[in-house]
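Colleague: Encoded as structure tokens, here's the structure I'll be asking about.
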Amino acid sequence: MEILNRLRGMKDILPKEVDLWKKIESVFIETSELFGFKEIRIPIMENKFLFERGIGANTDIVMKEMYEFKDKKGREIALRPEGTASVVRAYIENKIYNVDKISRLYYYGPMFRYDRPQKGRYRQFYQFGVEILGGRHPYFDGEVIQILDISFKKLEIENYIFLVNSLGCEICKVKYIKEIKEYLIFKVSSLCNDCKIRADKNPLRIFDCKNLSCQDVIKDAPSIIEFLCDNCKHHFDILIDFLSKFNIQFKIKPTLVRGLDYYTKTVFEVFVEKENTAIAGGGRYDNLVKEIGGPDIPAVGFAAGIDRIVPLIKNKDIERKEAIRFIFLGERAKMKGIEIMKKFVEEKIIVDADYEERSLSEHLRIANKLGKKWCIILGDNEIEKDIILLKNMENGFQIELNVKEAITKIKEIIKC
Ligand code: HAM
């Protein structure tokens, strides 16, 4: 029969890899919780118009990469391509702003983008993200960047750098867009077909285009930093001081615009040059809550791409408590053995058993192959004597113990 494989751009995270994923997740969770963030769990599917309105109808994410379908009632649904729009929707819908002036929220889970799969680019990928809603001060921007920096240091990630920029507010952005449009007037013919449209509709997107001729056109464009109004400039300067104060490695990149339209003022990415990849990105989005139908509340956040972080972890050996393998010889031993196993589990000792009928030598051969360090053997002989046999698989040493003694001994060995 034909084997049904996973879909293109999707991947399985196998049991031997999951511990590393959990370690990364727990570092982000622990760091965020230390800064007072609380978890929010948002749905995987949303009304597709949430993303059109939130991320921007002219972005690649919405125009080209969204998984969209109609449900049985004909409603337009999308699999979430990111978490920010959903968090903002939940924030407004549940009136979280009535509970706290400043809401610090984090989320973790799969996101979906129908992009061309390649190294580090998947159609289902995992993001850990934080959002602070309700704060206008640049220290909020600094705080989210700091959470990333602390987490990456805890994970011993090397050679990463924060690329930072400011996109300004509506006032400076409008002035800058006008300037860029003028700059592009006589250069449009050298742009790719997509950027020819962008030049009029959304010229900042051209900075993001991977096409070499577009990059060539845009590289000498005026820098947005020069167009920032006093307020936006002040915001940016304070953030830069914050990053310097905490020795966070950063570089100002005036061409950084990001692929989502909701940003105002600060934008940033965490870039690993050696891998030519961004492992996190974020920024401030002071208008999004209002644009999605909520009150006028500013916000800032980031999302880190866990799939891209996993290959960067040097120490992949994660200590894992090995299960004690139970070997039963005969039905009577199994009946007694399952009661003993439950006692072990109640003592928080990890167990596993092979209930299939096999000879002792075959059981031991399998346990060896699995790399088991300790086995508990139970047959008719042991049941008669009301004991179990504890066997060290590395040196062959074995000892008869009653259940209570066995639990104490094993707890001593595995230090739990
Ligand atoms: P983003 O830059 O689109 O931002 O995604 C954040 C991170 O997710 C990227 O830096 C990358 O590590 C990872 N990522 C994105 N697409 C893929 C993919 N196809 N395969 C693997 N990893 C990927 C956002 O999503 C914003 N919501 C971030 C944000 C939060 N801004 C404010 N708050």
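The values are calculated or read from the model by the stated rules, or taken from the named source; none is laboratory data. Since the model is a prediction, treat every value here as computed from it, not as a measurement. Cβ coordinates were reconstructed from backbone atoms using ideal geometry, including for glycine residues, and neighbour counts include every protein chain displayed. What goes into the accessible areas is simple: the full protein's heavy atoms, side chains included, and nothing from ligands, DNA or RNA. Shrake-Rupley method; radii C 1.70, N 1.55, O 1.52, S 1.80 Å.
Colleague: Show that you can apply the helix-only estimate: for the chain, add -39,500 (n - 2.57) for every DSSP H stretch of four or more residues, divide by all residues, and state [θ] at 222 nm to the nearest 500. Walk me through the intermediate numbers first.
Modeller: Numbers: 15 runs with 158 residues, N = 416.
So the helix-based figure for the chain works out to -11500 deg cm²/dmol.
Colleague: Starting from one equal scatterer on each C-alpha and no solvent at all, send me the Debye-based log10 I(q)/I(0) for the chain at q = 0.08 Å⁻¹, two decimals.
Modeller: For the chain, the Cα-only Debye profile gives -0.59.
Colleague: Are any of the pairs 48/251; 23/64; 22/154 more than 24 Å apart by Cα-Cα distance, and if so, which?
Modeller: Cα-Cα > 24 Å for 48/251; 23/64; rest within.
Colleague: Using a cut-off of 20 Å between alpha-carbon atoms, which aspartates and glutamates can reach residue 290, once sequence neighbours fewer than 8 places away in the same chain are excluded?
Modeller: 46, 52, 82, 93, 100, 131, 141, 170, 261
Colleague: Something else now. Quote the convex hull volume per residue of segment 208-269, based on C-alpha atoms, as a whole number of Å³.
Modeller: Given the Cα convex hull of segment 208-269, per-residue volume reads 103 Å³.
Colleague: What order, most packed first, do the peptides 69-78, 389-398, 166-175 have when packing is the mean number of other Cβ atoms within 10 Å of each residue?
Modeller: The most tightly packed comes first, giving 166-175, 389-398, 69-78.
Colleague: Out of the total accessible area of the chain (probe 1.4 Å, heavy atoms of protein only), what percent is carbon and sulfur?
Modeller: Carbon and sulfur together cover 52 percent of it.
Colleague: I would also like to ask the following. At q = 0.23 Å⁻¹, what base-10 log of I(q)/I(0) does the Debye formula yield for segment 324-414 when every alpha carbon is treated as an equal point scatterer in vacuo?
Modeller: Reported log10 I(q)/I(0), two decimals: -1.28.
Colleague: Okay, next question. Please identify, among 281, 293, 305, the residue showing maximal mean-square fluctuation in a Gaussian network model of the chain using a 10 angstrom Cα cutoff.
Modeller: Of the options given, 293 has the highest mean-square fluctuation.
Colleague: I need to check one value: relative contact order of the chain, counting alpha carbon pairs closer than 8 Å and at least 6 residues apart, in percent.
Modeller: It rounds to 15 percent for the chain.
Colleague: May I pose another question? Measure up 153/219; 274/314; 314/411; 38/101; 153/173 against 25 Å on the Cα-Cα distance and list the ones that go over.
Modeller: Working: 153/219 33 Å; 274/314 14 Å; 314/411 31 Å; 38/101 14 Å; 153/173 34 Å.
Check vs 25 Å cut-off fails for 153/219; 314/411; 153/173.
Colleague: So how much slack lies between residue 229 and residue 193, counting 0.36 nm per residue of separation and subtracting their Cα-Cα distance, in nm?
Modeller: Once the chain is fully extended between residue 229 and residue 193, it gains 9.7 nm.
Colleague: With a 1.4 Å probe and all protein chains left in place, how much accessible area per residue does the chain have, in Å²?
Modeller: Per residue, the chain has an accessible area of 53 Å².
Colleague: Can you tell me, using C-alpha contacts under 8 Å and at least 6 residues apart, the relative contact order of segment 324-414 as a whole percent?
Modeller: Computed over segment 324-414, the figure is 31 percent.
Colleague: Select from 158, 346, 68 the residue whose mean-square fluctuation is largest in a Gaussian network model of the chain (Cα-Cα springs shorter than 10 Å).
Modeller: Fluctuation is largest for 346.
Colleague: Going by amide H atoms built from the backbone, whose H comes under 5 Å of the H on residue 354, apart from near neighbours?
Modeller: Excluding prolines and chain starts, which carry no amide H, the hits are 326, 328.
Colleague: Taking 25 Å as R0, compute the FRET efficiency from the Cβ-Cβ separation of residue 201 and residue 114 and round it to 0.05.
Modeller: Computed FRET efficiency for residue 201 and residue 114 comes out at 0.70.
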